[in-house]
Every structure is written in structure tokens, then in C-alpha cells.
Amino acid sequence: LNTLGSTSTGLDQEKSDEQKLKEQIKKDFPSKLRLRDHIRKMFKEKQYRELIPFLEEVLSREPNHHEMLYKMAYCFRRIKKWNDSLSYYELLIAVKPGFRDAWYEKGLVLQKLKRYEESLESYDKALEFNQNASWIHYDKGILLKRMKRYQESIASFSRVLELRPKHSWSYLELGNIFFARRQYVHAMNYYRKTLDLNPKAPGVENHLKICVQRLERN
């Protein structure tokens, strides 16, 4: 009973502290403009966890402020609260459906939640706004590889290389795909290109040796 009582007291204290913080924020920042400026400063300093009560306060005053919705979604993503992050990305997209980065980052969160088909749809929606966003093609390629949709994954990494011919990580991922498919000559070509661009790329030298050994064995 004492243990239950102490747990209850701890939760009550936590709620009390949270309420005090909210009241202090209201007192310190009666102006919406000052509050938003303070949030931008904290966001720049990457105080993601500490920012959340400030964002809650500004959104209680301006629930459709798309910049603050974005910052809330981003903060939850950075502290790995995936479901909370997803909720705010969805609110943001409802307010600003043409916001490419919201669709892209929603895709990242859905991928963390292992909702792969929805993640893919979100990446594709982001690409509708900019087909030249190489980083979206790259993350889409990573997702397709995880889903074992290798041909589509190859197409995504190839698109990255059209846009960024010296992107060593795309060469590495292509090498890994062909390695997994036992197409060792293709894998070696991509691994060598990876090392040309990034001599310290992890695991590539070892994979090259394995490719040579397996080709010699055959």
C-alpha cells in the first residue's frame, strides 16, 4: 500500500510540476509573438524535449499555425515519440497539404512504425512536389530494399545518382543489393565506385574480397 501511495504521490507531483510550468509560460509570454520567437530560439538550439510545453501553449492559442505544428511534429520525431510525431504531421498536412517536407518526414515516421506501404505512399506524395529531391529518392530506396522490392529500389538509387553522381552511399546500397542477389560482378563494380568516392566506407573492402572468392569458386 505504501508503494502504491508513493507512486501516486510521484505522479501527482509530476502533474503539479507540469501545470506550474504551463502557468509560468503563460505568465512569461503573454505575447504570441514573443512566445514564437522564444520557440524558434530553442528550436535552433535543438532543445527538442524542453520545447514541447512551449509549443503546446502556442498551439493552444493558434492551433493551425503551420510552423508550430511542424516544430511539434519534428520535436517528437527527434525524441523518438513516433505516434505523437505522426499525429502532428497529419494535423500539419491537413492545414498545409502542399508542404513537401511534412509528407517526407511523415514517411520517415511511418517507416519507424513499420507501416511500410503508408510510408512509401508518403514519400511518393512528397516527390510529387519535387521530383529532384535526391534525399527522398534515397530514403525511398532504403525502404524498398527493406521491403525486398529490389528492382524498384535499384531504380530509386539510380535516380539519386542521376541527380548526385558522386553520392557514395547510393553506390554502396546498389552494391549491397546486387551482392544479396549473388550478382557479384555488378556488386564489385558498385563497391569499387563506392571506394573511389569514399575510401573509408564501412565493410566494402570485405565485401569485395567475398565477391572475388565466390567468383573464383564458380
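The values are calculated or read from the model by the stated rules, or taken from the named source; none is laboratory data. What you are looking at is a predicted structure, and each value in this text was computed from that prediction instead of being measured. Backbone-built Cβ (ideal geometry, glycine too); neighbour counts: all protein chains shown. For the accessible areas, the whole protein counts, side chains as well, though only heavy atoms, and no ligand, DNA or RNA atoms are used. Shrake-Rupley method; radii C 1.70, N 1.55, O 1.52, S 1.80 Å.
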For this session: Could you tell me whether the stretch 102-117 includes any residue that is surrounded by fewer than 19 Cβ atoms within 10 Å (Cβ to Cβ), among the basic types (Lys, Arg) and farther than 30 Å from ILE52 by Cα?
Result: no
For this session: Might you check whether a residue that is open to solvent by 20 Å² or more (accessible area, probe 1.4 Å) and either touching a residue at least 60 places away in the same chain (Cβ under 8 Å) or of a type in the set (Phe, Trp, Tyr) (or both) occurs anywhere in the stretch 139-147?
Result: no
Exercise. Quick check, is LEU163 farther than 30 Å from ASN64 by Cβ, over 18 Å from the mean Cα position of the chain (by Cα), surrounded by 19 or more Cβ atoms within 10 Å (Cβ to Cβ) and free of Cβ contacts under 8 Å to residues at least 60 places away in the same chain?
Worked result: no
Exercise. If you check LYS80 against the conditions, is it exposed (fewer than 13 other Cβ atoms within 10 Å of the Cβ), modelled with pLDDT of 95 or more and either at positive phi or small (Gly, Ala, Ser) (or both)?
Worked result: yes
Problem set entry | Members of the stretch 1-29 that are at pLDDT 90 or above, open to solvent by less than 70 Å² (accessible area, probe 1.4 Å) and part of a helix (DSSP H, G or I) | ILE25, ASP28
Seminar exercise, completed: Taking the stretch 84-105 and keeping only residues that are in a helix (DSSP H, G or I) and either farther than 14 Å from TYR70 by Cβ or free of Cβ contacts under 8 Å to residues at least 24 places away in the same chain (or both), one is left with ASP84, SER87, TYR88, TYR89, GLU90, LEU91, ILE93, ALA94
Exercise. Does any residue in the stretch 64-83 that is touching a residue at least 12 places away in the same chain (Cβ under 8 Å) come within less than 7 Å, Cβ to Cβ, of a residue that is open to solvent by less than 20 Å² (accessible area, probe 1.4 Å) and among the polar types (S, T, N, Q) six or more places away or on a different chain, and which pairs are these?
Worked result: ALA73/SER85; PHE76/SER85; ARG77/SER85
For this session: Collect the residues in the stretch 166-190 that are farther than 23 Å from ILE136 by Cα, touching a residue at least 12 places away in the same chain (Cβ under 8 Å) and not in a helix (DSSP H, G or I), keeping them in residue-number order.
Result: ARG181, ARG182
For this session: Pull up the stretch 30-62, narrow it to residues that are closer than 20 Å to GLU18 by Cα and exposed (fewer than 13 other Cβ atoms within 10 Å of the Cβ), then point me to the one that is modelled with the lowest pLDDT.
Result: PRO30
Seminar exercise, completed: Given (1) modelled with pLDDT of 95 or more; (2) out of contact with any helix residue (DSSP H, G or I) (no Cβ under 7 Å at 6 or more places or on another chain); (3) of a type in the set (D, E, K, R), LYS71 misses just (2)
